[in-house]
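Comments concern the structure below.
Each value in this text was obtained by applying a stated rule to the coordinates, not by laboratory testing. No experiment lies behind these values; they were computed from the predicted model shown. FYI the Cβ positions are ideal-geometry reconstructions off the backbone, even for glycines, and counts take in every protein chain you see.
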Amino acid sequence: MYYTPPLFPVGQVVATSTVAGLVPQAHLMQCLRRHMMGDWGCVCEEDAKTNNEAVEVGFRILSAYAIDETQPCKGFGENTLWIITEADRSVTTFLFPDEY
């Protein structure tokens, strides 16, 4: 098995208290792994392109994932978990869209 390093550093990883209380930690870690590897989840094509550029030039990165993977996720609104890595890569935050 080969190890693929993350595309970017995530810094300190934090979650809002709401996310920490509602989303299982195992799901958070699965989403974080996807985020670090460039699988941006349910973002639109334009946001995915922006994220790919952000990895190269050091801008903020936003991924969106379904909380319940058996239900639809539009990348915003209900059933959506966001992960944001700040441009300076000092912190990565789990939050719900309405907490932004």
Within the bounds of the range 73-80, is there any residue that is touching a residue at least 40 places away in the same chain (Cβ under 8 Å) and either surrounded by 19 or more Cβ atoms within 10 Å (Cβ to Cβ) or under 14 Å from the mean Cα position of the chain (by Cα) (or both)? no
Filtered residues of the range 87-100 (kept if in a loop (DSSP other than H, G, I, E, B) and more than 11 Å from the chain's Cα centre (by Cα)): Ala87, Asp88, Arg89, Ser90, Tyr100
Would you please list the contacts, defined by Cβ atoms under 6 Å and residues six or more apart or on different chains, that run from a residue in the range 87-100 that is in contact (Cβ under 8 Å) with a residue 60 or more places away in the chain and hydrophobic (A, V, I, L, M, F, W, C) to a residue that is assigned to a loop (DSSP other than H, G, I, E, B) and surrounded by 12 or more Cβ atoms within 10 Å (Cβ to Cβ)? Val91/Gly11; Leu95/Thr16
Applying the selection to the range 20-48, what residues are under 10 Å from Ile83 (Cβ atoms) and either in contact (Cβ under 8 Å) with a residue 60 or more places away in the chain or in contact with a Cys (Cβ under 6 Å, 6 or more places away or on another chain) (or both)? Leu28, Cys31, Leu32
